[in-house]
1. Take the residues in the stretch 80-98 that are free of Cβ contacts under 8 Å to residues at least 60 places away in the same chain and of a type outside the set (Gly, Ala, Ser); name whichever of them is farthest from Gly175 (Cα to Cα).
2. Of the conditions (1) out of contact with any helix residue (DSSP H, G or I) (no Cβ under 9 Å at 6 or more places or on another chain); (2) outside any strand (DSSP E or B), Met24 clears all except one; give me its number.
3. Only one of (1) farther than 26 Å from Ala245 by Cα; (2) surrounded by fewer than 18 Cβ atoms within 10 Å (Cβ to Cβ); (3) not aliphatic (A, V, I, L, M) fails for Thr82. Which number is that?
4. Considering only residues that are assigned to a loop (DSSP other than H, G, I, E, B) and in contact with a strand residue (DSSP E or B) (Cβ under 6 Å, 6 or more places away or on another chain), look in the stretch 61-96 and name the one that is nearest to Ala112 (Cα to Cα).
5. For a quick check of your reading of the model, give me the residue pairs whose first member lies in the stretch 99-115 and is assigned by TED's automatic domain parsing to the domain that holds Tyr126, whose second is basic (Lys, Arg) and part of a strand (DSSP E or B), with beta-carbon atoms closer than 9 Å and at least 6 apart or on different chains.
6. Of the residues Gly259, Gly216, only one is surrounded by 17 or more Cβ atoms within 10 Å (Cβ to Cβ) and modelled with pLDDT under 75; which?
7. With (1) part of a loop (DSSP other than H, G, I, E, B); (2) hydroxyl-bearing (Ser, Thr, Tyr); (3) buried (at least 16 other Cβ atoms within 10 Å of the Cβ) as the list, and Thr17 as the residue in question, which single condition is left unmet?
8. Criterion first (buried (at least 23 other Cβ atoms within 10 Å of the Cβ) and either without any contact (Cβ under 8 Å) to a residue 60 or more places away in the chain or farther than 23 Å from Ile3 by Cβ (or both)) does Pro57 satisfy it?
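The values are calculated or read from the model by the stated rules, or taken from the named source; none is laboratory data. Not measured: the values here are computed from a predicted model. All Cβ positions, even for glycine, are placed from backbone atoms using ideal geometry, and neighbour counts span all protein chains on display.
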Amino acid sequence: MEIGIDSFASAMYGRGTLTPEDAMEQLLERIVQADEAGLAVYGIGEHHKKEFLDSAPAVILAAAAARTKNIRLTSAVTVLSTADPVRVYQSFATLDLISKGRAEMVVGRGSAVEAYPLFGYDLRDYDALFKEKLDLLLKIREQEFVTWSGKYRPALENQPVYPRSSQQKLPIWLGVGGTPASFLRAGTLGLPLMVAVIGGETEHFRPLIDLYKEAGKQAGFTPDQLSVGLHSPGYVAATNEEAIADYYPGYAELWTKLGKERGWSPSNQKRIR
């Protein structure tokens, strides 16, 4: 078992006194502390909202790579549906070179959808975009010269993609929520699975993980190729009281806002808090 931390580079938690510059510096210091404490991995999410500073996770991870020695550095997640797979691979291959082979990525469709209008994509193509772009990203990982065609991106004809990663096979995890089709896709492709437990009890995801492993087995992958990770929100402080004082005001504000955006009823918002 490996233990790590993910962060959305929040600019709103705390007592309202942090500048974005201070918040970013503290984030980098926390990654250094995680490295020194022997944690296995640190992940940076991707959002395009005022409350977060993680719109360019590979940049943050590269800054962390220069300050750390052992900890693996990943996205959590890269919203692949609204990104160019060529640039995604190039960014993380570059991070892999800077970190001397400590980079990986988790790719997904994104539970927050602000990236779709921002980059000119139709939310109705939510899954089709991801399926096509994942296909291209995996091909780029496997082949230096790429020939590929699809609907949402110009075709590539024997086009080389550089730089290549330091690792022979840059790790790519599939980030999923609670959709069975996503678990099946990860298993069929033999990709390691990262489950985002945003709400609800962790144990409720067990049948979906079993579905993933069965799909992987049917596709010919061995159990050691079918790794599973869990991502759950939380906050660590010296005492419960300190954690509540630091974390809850911003957390409650954010989830109330998200609830309104996503049409959750007030009772659901209360339960999340």
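1. Narrowing the stretch 80-98 to residues free of Cβ contacts under 8 Å to residues at least 60 places away in the same chain: 80-83, 87-88, 91, 95, 98.
Add one more test, that the residue is of a type outside the set (Gly, Ala, Ser), and what stays is 80, 82, 87-88, 95, 98.
Numbers: Leu80: 10, Thr82: 15, Arg87: 19, Val88: 15, Leu95: 20, Ile98: 24 Å.
By that ranking, first place goes to Ile98.
2. Answer for Met24: the failing condition is (1).
3. (2)
4. Filtering the stretch 61-96 down to residues assigned to a loop (DSSP other than H, G, I, E, B) leaves 66-71, 76-77, 83-84.
If we keep only those that are in contact with a strand residue (DSSP E or B) (Cβ under 6 Å, 6 or more places away or on another chain) as well, we get 71, 76-77.
Numbers: Ile71: 27, Ala76: 13, Val77: 11 Å.
My answer is Val77.
5. Ser99/Arg72; Arg102/Arg72; Ala103/Arg72; Glu104/Arg72
6. Values: Gly216 fails: modelled with pLDDT under 75.
The unique qualifying residue is Gly259.
7. So Thr17 meets the others, but not (3).
8. Working: buried (at least 23 other Cβ atoms within 10 Å of the Cβ): yes; either without any contact (Cβ under 8 Å) to a residue 60 or more places away in the chain or farther than 23 Å from Ile3 by Cβ (or both): yes.
Considered against the rule, which asks whether it is buried (at least 23 other Cβ atoms within 10 Å of the Cβ) and either without any contact (Cβ under 8 Å) to a residue 60 or more places away in the chain or farther than 23 Å from Ile3 by Cβ (or both), Pro57 comes out as yes.
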